[in-house]
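One structure below.
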Amino acid sequence: MNMFSPLILGDLLLENRLVMAPLTRVRSGRDGVPGPLVVEHYKQRASLGLIVSEGTYPSHAGQGFPGQPGLVTTEQIAGWRNVADAVHSDGGLIVAQVMHAGRVTHEGTTGGREVVGPSAVAIDGETRTYDGKAPYPVPRALRTDELPSVIADFVQASRNAIEAGMDGVEIHSANGYLLHEFLSPASNLRDDSYGGSPENRARFVAEVVEAVAEAIGAGRVGIRISPEHNIQDTLESDADDVRSTYRALVDRIAPLGLSYLSVLHKDPAGELVQNLRKAFGGPVLVNSGFGEITSRDEALSLLADGIGDAVVVGRPAIANPDLAHRWREDLPLNTPDSSTFYSDGAKGYTDYPALQR
């Protein structure tokens, strides 16, 4: 398949098969409201087939980083409406990634709200808060009777995204955050119906996806997973368990007819990803570039070899707002400046130049 051929993802029609990865950029201030700088950043990248926003929190307790945007308050919804309008005005599509940080946060970031997770197991390390760096706290294990309220937060945030004019949502079940924490036997030590077996550990993620799909329509809902990524102490080192857990998840959500499944994995052509792709039965987006930057040649090869239906790219999209044009014509690229990834202001955010046409 061709990188620049159209692609249908549920209710969405993409003009090309380049998808901008959800990239943490923390430019939304303490109130979590996307402002004019955020609007400009996403508008600049509207020529990509689909933009996935940076992770947005569905509840104040789910905020992971200072400066992270939310989908909770009226002001945040209005900010995202400005983003969606700007992207649409340039012919683009954008979905909101809904992300609950789980234990990957601190009370100094959540405004004093309690840090929660599937089990009382802390991450070994430090996190940035509004008051400086601090060790990760031991999260309080969510009670079984609390889980429906967390699901309701995901649903309401997804409704808010649609109200803001976003084209859909991506449920974040990757990279060590709350939903991924339920999947991993290292972070999920529960002895109720949401822990233990692969099917039980997949249950909460599936229930979130089912509820969101029912609320806004499955054709507007994608999900992102990162099996074996082993980040933020969300370890998945037993290959058989990984295979069983993710197959249980995919088997349960496949009948919903979701917009897409997005898989971050170092070997997208390997047996694990390809078996999940077959079981899902719908469009699958592949992303191999967390450890190394995805190149144009790799992206072309992944599509030409039928490894995925679209390619998700991160750092090339950060540094090249016109990445689709550059890769179509095989033109030189700007180099991303990693020192500005998580900083403030326009530098390294909206000041990467596009090529004159």
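The values are calculated or read from the model by the stated rules, or taken from the named source; none is laboratory data. Everything numeric here is computed off the predicted structure, so don't read it as measured data. Counting neighbours? That spans all protein chains shown, and the Cβs are built from the backbone with ideal geometry, glycine included. These accessible areas exclude ligands, DNA and RNA; they are computed on the full protein's heavy atoms, side chains included. Shrake-Rupley method; radii C 1.70, N 1.55, O 1.52, S 1.80 Å.
Within region 269-278, identify whether any single residue is aliphatic (A, V, I, L, M), part of a helix (DSSP H, G or I), farther than 30 Å from Glu210 by Cα and in contact (Cβ under 8 Å) with a residue 24 or more places away in the chain, and answer yes or no. No, that holds for no residue.
Scanning region 290-305 for residues that are without any contact (Cβ under 8 Å) to a residue 60 or more places away in the chain and surrounded by 15 or more Cβ atoms within 10 Å (Cβ to Cβ) gives Ile293, Thr294, Arg296, Glu298, Leu302. Of everything listed in (1) surrounded by fewer than 19 Cβ atoms within 10 Å (Cβ to Cβ); (2) at pLDDT 95 or above; (3) charged (D, E, K, R), the single unmet condition for Arg201 is (1).
Only one of Glu199, Glu163 is touching a residue at least 12 places away in the same chain (Cβ under 8 Å), out of contact with any strand residue (DSSP E or B) (no Cβ under 6 Å at 6 or more places or on another chain) and within 15 Å of Val250 (Cα to Cα); which? So that I can check it myself, show each step before the final result.
Working: Glu163 fails: within 15 Å of Val250 (Cα to Cα).
The unique qualifying residue is Glu199.
Within region 185-195, does at least one residue satisfy the condition of being aliphatic (A, V, I, L, M) and surrounded by fewer than 21 Cβ atoms within 10 Å (Cβ to Cβ)? Break it down into steps so the answer makes sense when it comes.
Step one: of region 185-195, the residues aliphatic (A, V, I, L, M) are 186, 189.
Imposing the further condition that a residue be surrounded by fewer than 21 Cβ atoms within 10 Å (Cβ to Cβ) reduces the set to 186, 189.
The answer is yes; a qualifying residue exists.
A Cβ distance below 7 Å, combined with a sequence gap of six or more or placement on separate chains, defines the contacts here; from region 23-44, residues that are at negative phi and of a type in the set (Lys, Arg) reach residues that are buried (at least 20 other Cβ atoms within 10 Å of the Cβ) and part of a helix (DSSP H, G or I) in the pairs Arg27/Val38; Lys43/Ala86; Lys43/Val87. Out of everything in region 105-124 that is more than 19 Å from Glu146 (Cα to Cα) and aliphatic (A, V, I, L, M), what residue ends up being most open to solvent (accessible area, probe 1.4 Å)? Restricting to residues being more than 19 Å from Glu146 (Cα to Cα) and aliphatic (A, V, I, L, M), the top hit is Ala122.
Among the residues of region 155-184, those identified as farther than 15 Å from Ala96 by Cα and open to solvent by 10 Å² or more (accessible area, probe 1.4 Å) are Asn175, Tyr177. On the stretch given as region 237-252, residues that are open to solvent by less than 10 Å² (accessible area, probe 1.4 Å) and either in a loop (DSSP other than H, G, I, E, B) or out of contact with any Asp or Glu (no Cβ under 7 Å at 6 or more places or on another chain) (or both) total 4.
Looking only at residues of region 286-305 that are of a type in the set (D, E, K, R) and outside any helix (DSSP H, G or I), we find that the one that is farthest from Asp351 (Cα to Cα) is Asp305.
Among the residues making up region 306-344, those that are open to solvent by 20 Å² or more (accessible area, probe 1.4 Å), without any contact (Cβ under 8 Å) to a residue 24 or more places away in the chain and assigned to a helix (DSSP H, G or I) are Glu329, Ser338, Ser339.
Residues to consider are Glu114, Glu181, Glu107, Glu146; find the one that is closer than 20 Å to Thr245 by Cβ and not in a strand (DSSP E or B). Before you say what the answer is, go through the steps one by one.
Details: Glu114 fails: closer than 20 Å to Thr245 by Cβ; Glu107 fails: closer than 20 Å to Thr245 by Cβ; Glu146 fails: closer than 20 Å to Thr245 by Cβ.
Only one candidate passes the filter, namely Glu181.
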